[in-house]
């Protein structure tokens, strides 16, 4: 059988290549360029993307319809432009099913097994977990594609690719997502679903942003090694990577399986602190596979050289196994969305403003409000007008008096006095609005970076100077010297 190649001549029959990347917003990317250039040399079979930050109406044809690939999205229905995940599958890896959500709350129990589009193997959900299950499935955090693979002996087996964006833990009880119980339930749903798939005889790949670093070597700023290992969600990851006593199911961290001691293999950095400059970050992105599928693992890598996000891509390559050809593309693929398949719009569609239209309307209204605020403000000249005298003003002075910048009589009928703008006052105002001089940091003697406080509080909107270098480990001379200075401080 002739080898299958794609539009740039890559052979994709001999190996399976999985890539995961939290792109922190898909709108700035051209997906054709991403798949053929940025990750093109990796012979991508399946690209799993987290944090697309799109709604269905925001999706463009260049993102939904990419040559040689079919794509499957899950958008957040709870919050517009938040989270979102997508699997891009090469034509050699076209899935037989695709489904969003991890808990299966969008499927009625009676149809979870028999429904043709359902992947199945759903976790058991208690009554006290049902709200978190529903919210999690509608938050754009998981998409699953199911494929058929052929093993070396010719036998066929189902392979489930779970693309997941796990919640961060901000522990805000009032937020339905950013609290400990929601995150714990989400992780437990993921564990049970994945193990159920393996127990039913299927291969499983979990890849994405798990929002937790596993070992000390996976995080730069770990300060207390003893406390580090007792973190609740690190223990959850320990549990997932350990052999289940009842079923024997175990998952493998592909990167640490091949590179158990490689230091500095971080996948995420704080870009606001320029932390990537000194590789001061954490490894929170993973490709995990069940132990039976791991026997085909050839290599796994962290690609810190690929820019474009606060995360970098990670990859895993598998040998001696291939996808079974499938010419039927599931109808859940983005290329079949109404806006891309030229479906005649329904009457209701005409009266539903899209997210883009709503954004434009909001932007226009914001601009109108801004101009209204400007008009309400007094002009600069009004602050510089001398108070009028009761006697008749003297109009016999020289026309080009250097002490008077402007002389005019208002024609609005409000008064008959002359407005004078003093040159000294103008100079004072110019000095007031002059951009502040850039100081140099004490540690390196380099010009500082100007930043603005965005966190709500007494200092919100206030500007300050900091060392221009990125954060790093304590004692690192190449890292920030921690210089700090308020712009309007007396010392400046």
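The values are calculated or read from the model by the stated rules, or taken from the named source; none is laboratory data. What you see is a predicted model; the values in this text were computed from it and never measured. All Cβ positions, even for glycine, are placed from backbone atoms using ideal geometry, and neighbour counts span all protein chains on display.
Residues that are assigned to a helix (DSSP H, G or I) and either at pLDDT 95 or above or not assigned by TED's automatic domain parsing to the domain that holds residue 254 (or both) within the stretch 189-217 comprise 189, 190, 191, 192, 193, 194, 195, 196, 197, 198, 199, listed in sequence order. Of the residues in the stretch 33-47, at least one is modelled with pLDDT of 95 or more and under 19 Å from residue 140 (Cα atoms). Within the bounds of the stretch 255-262, is there any residue that is closer than 27 Å to residue 168 by Cβ, surrounded by 20 or more Cβ atoms within 10 Å (Cβ to Cβ), touching a residue at least 40 places away in the same chain (Cβ under 8 Å) and in contact with a strand residue (DSSP E or B) (Cβ under 8 Å, 6 or more places away or on another chain)? Within the stretch 255-262, one or more residues are closer than 27 Å to residue 168 by Cβ, surrounded by 20 or more Cβ atoms within 10 Å (Cβ to Cβ), touching a residue at least 40 places away in the same chain (Cβ under 8 Å) and in contact with a strand residue (DSSP E or B) (Cβ under 8 Å, 6 or more places away or on another chain). Restricted to strands (runs of 3 or more DSSP E) entirely inside the stretch 15-101, those with at least 1 residues that are more than 21 Å from residue 306 (Cβ to Cβ) are 69-74, 97-100. Of the residues 297, 288, the single one that is farther than 16 Å from residue 41 by Cβ, in contact (Cβ under 8 Å) with a residue 40 or more places away in the chain, touching a helix residue (DSSP H, G or I) at 6+ places or on another chain (Cβ under 8 Å) and surrounded by fewer than 20 Cβ atoms within 10 Å (Cβ to Cβ) is 297.
Scanning the stretch 203-242 for residues that are in contact (Cβ under 8 Å) with a residue 40 or more places away in the chain and over 16 Å from residue 284 (Cβ atoms) yields 203, 204, 205, 239.
Residues in the stretch 134-160 that are surrounded by fewer than 24 Cβ atoms within 10 Å (Cβ to Cβ) and assigned to a loop (DSSP other than H, G, I, E, B): 138, 151, 152, 153, 154, 155.
Among the candidates 184, 190, single out the residue that is within 20 Å of residue 233 (Cα to Cα), touching a residue at least 24 places away in the same chain (Cβ under 8 Å) and surrounded by 18 or more Cβ atoms within 10 Å (Cβ to Cβ).
Working: 184 fails: surrounded by 18 or more Cβ atoms within 10 Å (Cβ to Cβ).
The conditions single out 190.
Looking only at residues in the stretch 305-316 that are surrounded by fewer than 23 Cβ atoms within 10 Å (Cβ to Cβ) and touching a helix residue (DSSP H, G or I) at 6+ places or on another chain (Cβ under 8 Å), the one that is nearest to residue 237 (Cα to Cα) is 310. Listed conditions (1) in contact with a helix residue (DSSP H, G or I) (Cβ under 6 Å, 6 or more places away or on another chain); (2) surrounded by fewer than 22 Cβ atoms within 10 Å (Cβ to Cβ) are all met by residue 37, apart from (1). Condition test on residue 251, is it closer than 30 Å to residue 96 by Cβ and touching a residue at least 40 places away in the same chain (Cβ under 8 Å)? Judged against the criteria, residue 251 is a match. Among the numbered conditions (1) modelled with pLDDT under 95; (2) surrounded by fewer than 18 Cβ atoms within 10 Å (Cβ to Cβ), the only one that residue 275 does not meet is (2).
Please tell me if residue 475 is part of a loop (DSSP other than H, G, I, E, B) and modelled with pLDDT under 80. Full working, then the answer.
Numbers: part of a loop (DSSP other than H, G, I, E, B): yes; modelled with pLDDT under 80: yes.
Spelling it out, residue 475 is indeed part of a loop (DSSP other than H, G, I, E, B) and modelled with pLDDT under 80.
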